[in-house]
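Read the structure below first, then the notes.
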Amino acid sequence: MNHLTDEILNEYLDNTLPPAARAVAESHLRACADCELRLDELADVFSALSALPELELARDLSADVVRALTPQPMPLPRLLKWTAALQAAAALVALIASLPLLQTLFVFEIPAVSLPTVPDLLARLDQMALGVQEFFARFQFQAPRLTLEFSSLFITVAVFSVTLLWLVGNGLLLRPSNQIRSQGDLR
Amino acid sequence: MEASPDRDLILRARRGEAEAFGELVRAHQAGVFNVCYRMMGERREAEDMAQEAFIRAYQRIGTFDAERPFGPWMRRVAANVCLNHLAAHKPEAAELDEERDADSAPLPESGREAREEAEQVRAALKGLPSHYRAVVELRHYQEMSYEEIAAELKIPLSDVKSHLFRARKILAETLSHEPSH
């Protein structure tokens, strides 16, 4: 008598045998103690697996999962923080430097606005520098004097450079920050 | 057909409401954790895998049919995450999770026996090669057919059967060699 194969015993317990093959297997099992014993051993495995109790979860995972799914702003590298500060300073300087150019461009549209001209500003700076110079002259040393001349080209280049810096800087600042963190970042 | 109880939460999660997904996590985390525990055999690793599975599920929730039950799909995602992890990290020496025993409260004799039996089954499962463990998980705990397992694991049907039958044989031998109480 040919014994039932392991495959047939497994498929018998999995209820995947076609009806005719199942009937043959049942008939054999009634007559063969060896195969019945093998079936019982296999059935014990099924019972052990299905009787395995569920373990309790020691902690609630939802808070960590929600945190990982919520977009987090990426911390700025130190270099970028300095870039932001430099941007602000450069933008301020460029704004002051470009006022005369703006005045030239919009002289008809905004006639009521009167802004100090570069020579006026330089004169004031010169006066302040002189004041400072006189103050420091008492201490017997010479303060440096700055002589700056702004041309339209210089101002245009300055505005363009700052705009470029601003665009690049914001491109970096506004880079995608909502990347979902992977498992390594969760703990 | 009765609507899935998680339907509203799934739809809200699809719209990007992480809090709604958090509620789904709370409802299904125990089941998902147990899938991961059976696959990984260690509590800490199982928790990590369960988290990773939920994050993966959130990323794919747009493709999930909200009318279907969420739990079985979620457990399948968890099994996949564990499988990928096991494939990427070749198995280390099988050790029982010490933490599991450390936090066990004293139990009466019958309870202790049941727990020891459960420990033996968990240890036997953990001793299986990971591809065998996967088919056991999918067949016995996720009640998938041979064909579904083949599709899920992208392996031939004949491999599903041979992995499953060999796994059961190993389990039968391991469990029969365990010392009796």
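Computed quantities for the displayed model
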item: Those trypsin sites (Lys or Arg not before Pro) in the stretch B:1-95 that DSSP places in a loop and that have at most 11 other beta carbons within 10 Å; result: B:15
item: Per-pair calculated FRET efficiency, R0 = 56 Å: residue B:118 and residue B:11 via Cβ, rounded to 0.05; result: 0.90
item: Average other protein chain Cβ within 10 Å of Cβ, residues A:38-49; result: 5
item: Simple spin-label estimate for residue B:60 and residue A:79 in nanometres, 7 Å along Cα-Cβ; result: 3.8
item: Residue-wise HN-Hα coupling along the stretch B:51-57, computed from phi with Karplus coefficients 6.51, -1.76, 1.60 (Hz; x: Gly, Pro); result: 4, 4, 5, 5, 5, 4, 5
item: Residues A:166, A:82 arranged by fewest to most Cβ contacts within 10 Å; result: A:82, A:166
item: Per-residue ³J(HN,Hα) for the stretch B:122-132, Karplus 6.51 cos²θ - 1.76 cosθ + 1.60, θ = phi - 60°, Hz, x for Gly and Pro; result: 4, 5, 5, 4, 5, x, 6, x, 4, 6, 6
item: For B:12-22, mean number of other protein chain Cβ atoms within 10 Å; result: 3
item: Other protein chain Cβ atoms within 10 Å, averaged over every residue that makes up B:52-60; result: 4
item: Distance between modelled label sites at residue A:151 and residue A:16, nm, 7 Å Cα→Cβ extension; result: 8.5
item: For the stretch A:54-70, 3J(HN,Hα) per residue [Karplus equation, 6.51 cos²θ - 1.76 cosθ + 1.60, θ = phi - 60°, Hz, x = Gly/Pro]; result: 6, 7, 7, 7, 6, 8, 7, 7, 4, 4, 5, 5, 4, 4, 5, 8, 7
item: Nearest-0.05 FRET efficiency for residue A:134 and residue A:89, computed from C-beta distance (R0 30 Å); result: 0.55
item: Anisotropy class of the stretch B:1-90 from Cα gyration tensor, a/c 1.5 cut; result: prolate
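Throughout, read-outs are computed from the coordinates displayed, never taken from laboratory work. Worth saying up front: this structure is predicted, and the values here are computed from it rather than measured. Ideal geometry is used to build each Cβ from the backbone, glycine not excepted, and the neighbour counts take in all protein chains shown.
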